[in-house]
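Q: One structure is given below, represented as structure tokens, and several questions about it will come after.
The values are calculated or read from the model by the stated rules, or taken from the named source; none is laboratory data. Quick caveat, the model's predicted, so the values are computed rather than measured. Using ideal geometry, Cβ is built from the backbone for each residue, glycine included, and neighbour counts are taken over all protein chains shown.
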Amino acid sequence: MATYVFSDVHGHHKTLERLLETVQPSDEDEIWVLGDMVDRGPDPVAVMKTCRTLPNVHILMGNHEDMMLDFFRHPHDPSISFQWELNGGYTTKTGLASLSEHELIDLVEWTENLPYGAHVTVGGRSYLLVHAGLRPLNFSSRSRWTDATMDALLRYQSTEDVLWIRDEFWCQPTGFVDEQGNGPIVIAGHTPVPYVEDLVRGGDEYDRPARNDDGECQIMHLGASDATGGVADRWAIDCGAAGGAGWGRIGIVRLDDGAEFYESILEGE
């Protein structure tokens, strides 16, 4: 059994389908989706349906799913509708409008119950999974991490942070990984890797640039230092799909061996 993680598909269903065909996860594999299935791309509803039906899938709330839900919580508030559309919600709104009432209610209610964070252990290494990032709070430099302490860390995070945080997460160590390299790594999307690189440039260490030699976005690992035993304590996995063709890709990482799989957004998808 393998464990895969991806994030921020943003409505690019055809690209996701090609990538899943390449990866070919088995029915025994575990898949984590870190939110932002919707908005901007042409077919967000199809992305939600595909993600929902993947084998052994676990899907977290992203800020764009939360904006979608806000629209349905306050359908007569024009400011909420405008804010959602300003952030690319038009394609999602159009796709949802094509559903039957039963399908719409089912999909919205399913989205409302998505969790905001999780943790998983693969090969003896623990990972904290959230959409945008975490604040250290008073959990820094724990000598011993357990399921209970990781649950507590996630429970005490604010919804605003796990959905929207940027600078305060990417620009400083989490403090979760100690000098022996023990402790959970945080994997997050939300901030496209070129923006992460700009945020930390000249400061925190990262293993490689946000773009490869062909100019394509790639997953980045940040924070490896003597204080972390050489272990990167944050992984940025949003490969810019929101930017569309010519700029973004969808990336999937396999936690068992760190293998990465990518598919570029093509014109019209």
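Q: If I go through the stretch 185-217 residue by residue, how many of them are within 22 Å of VAL122 (Cα to Cα) and under 19 Å from the mean Cα position of the chain (by Cα)?
A: 5
Q: I would also like to ask the following. Being surrounded by fewer than 17 Cβ atoms within 10 Å (Cβ to Cβ) and either among the hydrophobic types (A, V, I, L, M, F, W, C) or farther than 19 Å from ALA242 by Cβ (or both) is the filter here, so list the residues in the stretch 82-100 that pass it.
A: If the condition is that a residue be surrounded by fewer than 17 Cβ atoms within 10 Å (Cβ to Cβ) and either among the hydrophobic types (A, V, I, L, M, F, W, C) or farther than 19 Å from ALA242 by Cβ (or both), then PHE82, LEU86, ALA97, SER98, LEU99, SER100 are the ones that fit.
Q: Since PHE176 meets every condition but one in (1) under 30 Å from GLY215 (Cβ atoms); (2) part of a loop (DSSP other than H, G, I, E, B); (3) hydrophobic (A, V, I, L, M, F, W, C), which condition does it not meet?
A: With respect to (1) under 30 Å from GLY215 (Cβ atoms); (2) part of a loop (DSSP other than H, G, I, E, B); (3) hydrophobic (A, V, I, L, M, F, W, C), PHE176 is out only on (1).
Q: Also, I was wondering about something else. Of everything in the stretch 178-190 that's modelled with pLDDT of 95 or more and on the phi < 0 side of the Ramachandran plot, which residue is surrounded by the fewest Cβ atoms within 10 Å (Cβ to Cβ)?
A: Applying the filter and picking the extreme gives ILE185.
Q: Six or more apart or on different chains, Cβ atoms under 7 Å: show the pairs whose first residue is in the stretch 227-247 and free of Cβ contacts under 8 Å to residues at least 12 places away in the same chain and whose second is surrounded by fewer than 19 Cβ atoms within 10 Å (Cβ to Cβ).
A: Qualifying pairs under 7 Å: none.
Q: I need every pair where a residue in the stretch 12-33 that is at negative phi and among the hydroxyl-bearing types (Ser, Thr, Tyr) has its Cβ under 9 Å from the Cβ of a residue that is surrounded by 11 or more Cβ atoms within 10 Å (Cβ to Cβ) and assigned to a helix (DSSP H, G or I), sequence separation at least 6 or different chains.
A: Filtered contacts from the stretch 12-33: THR15/ALA241.
Q: If you don't mind, there's one more thing I want to ask. Any idea how many residues of the stretch 108-165 are of a type in the set (D, E, K, R) and without any contact (Cβ under 8 Å) to a residue 12 or more places away in the chain?
A: 4
Q: Are there any pairs, at least 6 apart or on different chains, whose C-beta atoms fall under 7 Å, with the first in the stretch 36-63 and on the phi > 0 side of the Ramachandran plot and the second part of a strand (DSSP E or B) and surrounded by 17 or more Cβ atoms within 10 Å (Cβ to Cβ), and if so, which?
A: Within 7 Å, the pairs are ASN56/GLU30; ASN56/ILE31.
Q: With the requirement that a residue be assigned to a loop (DSSP other than H, G, I, E, B), surrounded by fewer than 21 Cβ atoms within 10 Å (Cβ to Cβ) and either among the aliphatic types (A, V, I, L, M) or in contact with a helix residue (DSSP H, G or I) (Cβ under 9 Å, 6 or more places away or on another chain) (or both), what does the stretch 219-231 give you?
A: Within the stretch 219-231, ALA224, VAL231 qualify.
Q: Sticking with this one: If ALA242 satisfies all but one of (1) modelled with pLDDT of 95 or more; (2) outside any helix (DSSP H, G or I), what's the number of the condition it fails?
A: (2)
Q: If you take the residues of the stretch 32-76 that are among the acidic types (Asp, Glu) and under 16 Å from the mean Cα position of the chain (by Cα), which of them is nearest to ALA97 (Cα to Cα)?
A: Step by step, filter the stretch 32-76, then rank; the result is ASP39.
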